[in-house]
Amino acid sequence: MPVIAIVGASSDRNKFGNKAVRAYLRQGWTVHPVHPAGGEIEGCPVSTSLSEVSGPLDRIALYLPPRFGLAVLDQAAAIEHADLIVNPGAESRELLDRARELGLPVRESCAILDVGENPSTL
């Protein structure tokens, strides 16, 4: 079963950070929501930082404004073999350049569409 960390996950079902959690759960992925408030999102325990997520990851989806996303990149670089998807609204030239500098396999894409779900139906 593939594993994803969704950084910027939300308990608000109207936000894309929540829709991503639901989309990946529907597709059978193990989902690790990440949000500084902790708690639980869609039945999944929430890590307060990416560095708290235990075990290997196949993918990291970034749902943060670029200035906050930049702060997460070093944590993402410490995770071997995880692809980084930078969602619309989370990208900036500085963030993408820094991710590539760190050697992260980075893609600008909608993580929800990438897993075969439609955000408007979630």
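Return the Rg/Rh value of the range 17-122, two decimal places, where both radii are evaluated on C-alpha atoms and Rh is the Kirkwood radius.
0.93
Ignoring trypsin sites (Lys or Arg not before Pro) that are buried or in helix or strand per DSSP, and keeping those with at most 15 other beta carbon atoms within 10 Å, what is the longest stretch of the chain between them?
Details: sites that count: R13, K15.
The longest uninterrupted stretch comes out as 16-122.
For n ≥ 4 DSSP H runs only, could you compute -39500 (n - 2.57) per run for the chain, divide by its residues and tell me the 222 nm figure to the nearest 500?
-8500 deg cm²/dmol
What number comes out for the charge environment of E91, summing +1 per Lys or Arg and -1 per Asp or Glu over other residues with Cβ under 13 Å away? If you can, show how the numbers build up before the last one.
On the way: positive: R67, R93, R98, R100, R107; negative: E94, D97, E108.
Local net charge: +2.
Over what distance in Å are the Cα centres of the range 93-121 and the range 1-66 separated?
Measuring centre to centre over Cα atoms gives 14 Å.
So how far apart, in nm, are the two label points at H81 and A37 if each is 7 Å from Cα heading toward Cβ?
So the two model labels end up 3.4 nm from each other.
Suppose we keep just the DSSP beta bridges with both residues in the chain; what percent of those would be antiparallel, to 5?
Taking every DSSP beta bridge with both residues in the chain, the antiparallel ones total about 10 percent.
Could you tell me the relative contact order of the chain? Use alpha-carbon pairs under 8 Å, at least six residues apart, and round to a whole percent.
24
Label-point separation (nm) for S109 and E52, each offset 7 Å from Cα along Cα-to-Cβ?
2.8
Can you compute the modelled spin-label distance between T30 and S92, with each label point 7 Å from Cα toward Cβ, in nm?
For T30 paired with S92, the spin-label model returns 3.4 nm.
With θ set to phi - 60°, apply the Karplus curve 6.51 cos²θ - 1.76 cosθ + 1.60 along the range 70-78 and write out the HN-Hα couplings as whole Hz, x wherever there is a Gly or Pro.
4, 5, 8, 4, 5, 5, 5, 5, 6
Work out from phi, with θ = phi - 60° and the Karplus expression 6.51 cos²θ - 1.76 cosθ + 1.60, the ³J(HN,Hα) of each residue of the range 85-102, listed in order in whole Hz, and give x for Gly and Pro.
For the range 85-102, the Karplus-derived couplings read 9, 9, 7, x, x, 9, 8, 8, 4, 4, 5, 5, 4, 5, 4, 5, 4, 7 Hz, x marking Gly and Pro.
Read-outs: derived from the displayed coordinates by stated rules, not from any lab. Bear in mind the structure is a predicted one, so any value in this text is a computation, not a measurement. All Cβ positions, even for glycine, are placed from backbone atoms using ideal geometry, and neighbour counts span all protein chains on display.
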